[in-house]
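**Student:** Structure below; questions to follow.
The values are calculated or read from the model by the stated rules, or taken from the named source; none is laboratory data. A quick note: this is a predicted structure, and the numbers were derived from the prediction, not measured. So basically every Cβ, Gly included, is an ideal-geometry build from the backbone, and we count neighbours across all protein chains shown.
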Amino acid sequence: MFKTRLTELLGVEHPIIGGAMAYLSTAELAAAVSNAGGFGLIAGVTCTRDELREQIRACRSLTDKPFGVNIALIHRDPDKINQDIDVVVEERVKFVETTALSPEPYVKLLKEAGITVLHKCATVRHAESAERAGVDAVTLVGYEAAGHTGLDDLPLSIMIPLAVDSLKIPVIAAGGVGDGRAFVSALALGASGVQIGTRLMASHECPASVTFKDWLLQTQATDTIYVERSLNRAYRVRRNEAAEKVLQLEKKGITMAELLPFIGGDRLRKVLFEDDVEAGVVPCGQVAGLIDEVMSVNEIIDRIISQAQDIVGRLHSS
């Protein structure tokens, strides 16, 4: 029912992208999203070259539907980005989502390899820059979203119309989307689709521990906070002991080097997989306050679409 420019671009049934999440967006989760009619993404940022290749091949073995790889264009290892690009080209991946810095240096290479390029960013001006660089679609991250959301503090209700009025390429809404109501709202604002992340944390296919998922279900909409503001960044995370410690240190003028021990991968893995939900900061969107059940990915996407169809039907009849 919901055929959009995004479903045409990606060749999928539903205009729903499974957002790439560090350590969680594995081949299994990406394939589950694709098999449910959405578009799954593998998170390349936490993979070595060989691991990324294995994940791509594993995803192909689990689904015959379209999927892509997310490449973060910023890393402490300067060779990491080029290695990721080499792998997706060698493995003939058809879709790549870039994020963080400008995709401009990489778009030509990816396009020459026949790859459709999406770019995720947090401001309309960066989306405009990505369009000029030649990407095929942009995902805009709203104030409501998990992780790095930019410093403009604009909700999707403002940012999506601004972007749609400015851009010619499809615009995807990310942040605060966990059910059919938000899905319909995003399309009404002009988005060609949505990207969901936090909702997928509470899925059976997500590799996080049961302890983490139970903790996520306890989250209220007001239980997320921003860290890294003092460093001219904005990183929305679940409130816990580590996040509170970071805020205390920021008040004292912490540097990024001093912050890294609290936001690094080792601590995040403890939160996600080792039942220590206080160990490190973990990205979490405000939509967590609306999540009250762990479901399969197929059930999550089916429910979003079913709710959306009911809403549209009700609006048509009123």
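**Student:** Looking at this structure, is V107 crowded, with 16+ Cβ neighbours inside 10 Å, at pLDDT 95 or above and touching an Asp or Glu at 6+ places or on another chain (Cβ under 7 Å)?
**Tutor:** no
**Student:** Please specify each residue of the stretch 1-23 satisfying the condition of being surrounded by fewer than 22 Cβ atoms within 10 Å (Cβ to Cβ), within 30 Å of V281 (Cα to Cα) and aliphatic (A, V, I, L, M).
**Tutor:** Result: A22, single match.
**Student:** Mind checking whether some residue in the stretch 149-169 is hydroxyl-bearing (S, T, Y), surrounded by fewer than 18 Cβ atoms within 10 Å (Cβ to Cβ) and either within 14 Å of the chain's Cα centre (by Cα) or modelled with pLDDT of 95 or more (or both)?
**Tutor:** Checked against the condition, which is being hydroxyl-bearing (S, T, Y), surrounded by fewer than 18 Cβ atoms within 10 Å (Cβ to Cβ) and either within 14 Å of the chain's Cα centre (by Cα) or modelled with pLDDT of 95 or more (or both), the stretch 149-169 yields at least one hit.
**Student:** Could you grab me the full set of residues in the stretch 1-15 that are β-branched (V, I, T) and either assigned to a helix (DSSP H, G or I) or in contact with a helix residue (DSSP H, G or I) (Cβ under 6 Å, 6 or more places away or on another chain) (or both)?
**Tutor:** T7 - this is the single residue of the stretch 1-15 that is β-branched (V, I, T) and either assigned to a helix (DSSP H, G or I) or in contact with a helix residue (DSSP H, G or I) (Cβ under 6 Å, 6 or more places away or on another chain) (or both).
**Student:** Quick one: is D223 without any contact (Cβ under 8 Å) to a residue 24 or more places away in the chain and either more than 16 Å from the chain's Cα centre (by Cα) or not assigned by TED's automatic domain parsing to the domain that holds E28 (or both)?
**Tutor:** In short, no.
**Student:** So, of the residues in the stretch 123-140 that are closer than 18 Å to L187 by Cα and not in a helix (DSSP H, G or I), which turns out to be farthest from the chain's Cα centre (by Cα)?
**Tutor:** A137
**Student:** Only one residue in V294, V271, V282, V287 is touching a His at 6+ places or on another chain (Cβ under 7 Å) and at pLDDT 95 or above, so which one is that?
**Tutor:** V294
**Student:** Does the stretch 252-274 contain any residue that is outside the structural domain of A36 (by TED's automatic domain parsing), surrounded by fewer than 16 Cβ atoms within 10 Å (Cβ to Cβ), in contact with a helix residue (DSSP H, G or I) (Cβ under 8 Å, 6 or more places away or on another chain) and aliphatic (A, V, I, L, M)?
**Tutor:** yes
**Student:** Hey, another quick one. Pairs only if they're at least six apart or on different chains, beta carbon under 8 angstrom, first in the stretch 267-295 and free of Cβ contacts under 8 Å to residues at least 40 places away in the same chain, second among the polar types (S, T, N, Q) and crowded, with 20+ Cβ neighbours inside 10 Å; list them, first residue then second.
**Tutor:** Going by the 8 Å Cβ cut-off, the qualifying pairs are E278/N240.
**Student:** Restricting to the stretch 141-160, give me the number of residues that are of a type in the set (G, A, S) and in a helix (DSSP H, G or I).
**Tutor:** Residues flagged as of a type in the set (G, A, S) and in a helix (DSSP H, G or I) within the stretch 141-160 amount to 1.
**Student:** Right, I300: over 17 Å from L247 (Cα atoms), out of contact with any Asp or Glu (no Cβ under 8 Å at 6 or more places or on another chain) and either crowded, with 19+ Cβ neighbours inside 10 Å or not charged (D, E, K, R) (or both) or not?
**Tutor:** For I300, the condition - over 17 Å from L247 (Cα atoms), out of contact with any Asp or Glu (no Cβ under 8 Å at 6 or more places or on another chain) and either crowded, with 19+ Cβ neighbours inside 10 Å or not charged (D, E, K, R) (or both) - is met.
Residues checked against (1) under 20 Å from L109 (Cα atoms); (2) touching a residue at least 40 places away in the same chain (Cβ under 8 Å); (3) of a type in the set (A, V, I, L, M):
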| residue | (1), (2), (3) |
| --- | --- |
| K3 | no, no, no |
| H14 | no, yes, no |
| I17 | no, yes, yes |
| S25 | no, yes, no |
| A31 | no, no, yes |
| V45 | yes, no, yes |
| R53 | yes, no, no |
| A72 | yes, no, yes |
| D79 | yes, no, no |
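**Student:** How do the pairs read when you match residues in the stretch 181-210 that are touching a residue at least 60 places away in the same chain (Cβ under 8 Å) and buried (at least 19 other Cβ atoms within 10 Å of the Cβ) with residues anywhere that are basic (K, R) and not in a helix (DSSP H, G or I), using Cβ under 6 Å and keeping only pairs 6 or more apart or on different chains?
**Tutor:** Correct list of pairs: empty, since none qualify.
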